[in-house]
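Working notes, structure below.
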Amino acid sequence: MSTLLKLEGVQVFYGASQALFGVDLDLAEGEVLALMGRNGMGKTTTIHTLCRMLPMRYGKVWFAGQDISGWPSHRAARLGIGLVPEGRRCFPNLSVTENLIAAARPGHWTLARVQDFFPRLAERRDQSARTLSGGEQQMLAIGRALMTNPRLLVLDEATEGLAPTIRREIWAAIGALKGEGYSILLVDKALSEIKPLADRCAILARGEVVWTGPPAALDAEVEARHLGV
Ligand code: ATP
């Protein structure tokens, strides 16, 4: 499989404080990679950097064969990086359908397909986004990313704060996208939910990738050291 995304030696600072200390990461076309680690270890910083929302001090990001290190985020998005941000970030005063249409770019995912994929978004089509439940807002956030017809879907804590039944629905939707061969980068802390989905995990600790491998190879010691509460 060819490499879709590659980060090499990525260092990011917030002012004088360094958050990433040389992150190396790669994701193959069609792969589901879970980026894991405890709070504050650099997961969100890593994905904001690869989406080009944060400047890097050192390092490179390649996507779809291009060096996108100096690109602005809108250009990276146009090349096919679709971010589902933490906290969902839909337009609260637009309707569900308006939110979806605002994100649209030509491709496989049309309004009808997204509504078919998440029937709840069809049922709620005329409601403003702010009136949706947390789970519905998450579906809308994923729907918005799909409407951009990305080559890579990046999900930051997709099920955080949601009730167990809704979490299962969201994981099932992500599983269906995996089944269609989508390339997906997941940031999450829910190891048990990630395990059946991810082809590979990468664990971040203090701004560095300290372990990568298939979830089945995660042993109790690594888990306790880097993921346990
Ligand atoms: P969480 O699971 O809590 O979201 P995370 O693994 O995504 O954590 P980051 O949010 O990437 O971690 O944070 C990495 C480090 O950078 C932390 O030490 C954090 O305090 C710091 N940091 C994050 N955002 C900022 C910011 N805007 N300004 C200053 N420091 C920041």
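No lab work stands behind these numbers, since they all come straight from the coordinates. Computed from a predicted model, the values in this text were never measured in an experiment. With ideal geometry, Cβ positions are generated from the backbone for all residues, glycine too; neighbour counts draw on all protein chains shown.
Residues whose amide H lies under 5 Å from that of GLY213, counting only those 5 or more places away or on a different chain, are CYS201; hydrogens are built 1.01 Å from N in the peptide plane. The alpha carbons of the stretch 21-112 give a radius of gyration and a Dmax of 15.1, 43 Å, in that order. Applying the Karplus relation 6.51 cos²θ - 1.76 cosθ + 1.60 with θ = phi - 60° to the stretch 60-72 yields 3J(HN,Hα) values of 9, 10, 10, 9, 6, x, 10, 7, 9, 3, x, 7, x Hz, where x marks Gly and Pro. Between ARG125 and ARG168, the contour length at 0.36 nm per residue exceeds the alpha carbon distance by 13.2 nm.
Each residue of the stretch 15-23 was assigned a 3J(HN,Hα) from its phi angle through the Karplus curve 6.51 cos²θ - 1.76 cosθ + 1.60 (θ = phi - 60°); the sequence is x, 8, 9, 7, 9, 10, 10, x, 7 Hz, with glycine and proline shown as x. Taking LYS189 as the anchor, which lysines have their alpha carbon closer than 25 Å to its alpha carbon, excluding any fewer than eight residues away along the same chain? By straight Cα distance, LYS189 reaches LYS6, LYS43, LYS178.
With a simple spin-label model that places each label point 7 Å from the Cα along the Cα-to-Cβ direction, the separation between LEU94 and GLU180 comes to 2.0 nm. Residue-wise HN-Hα couplings along the stretch 116-123, as the Karplus relation 6.51 cos²θ - 1.76 cosθ + 1.60 with θ = phi - 60° gives them from phi, are 6, 6, 10, x, 4, 6, 6, 4 Hz; Gly and Pro carry x. For ALA19, nonlocal amide neighbours, meaning residues 5 or more places apart or on other chains whose placed amide H falls under 5 Å from its own, are VAL12, PHE13, TYR14. Classify the stretch 116-164 as rounded, prolate or oblate from the Cα gyration tensor: take a ≥ b ≥ c as the square roots of its eigenvalues, call it rounded if a/c is under 1.5, otherwise prolate when a/b beats b/c and oblate if not. Taking the square roots of the gyration eigenvalues as a ≥ b ≥ c, the stretch 116-164 is oblate. In this structure the amide hydrogen of ALA158, modeled in the peptide plane, comes within under 5 Å of the amide hydrogens of VAL187, none closer than 5 places in sequence on its chain.
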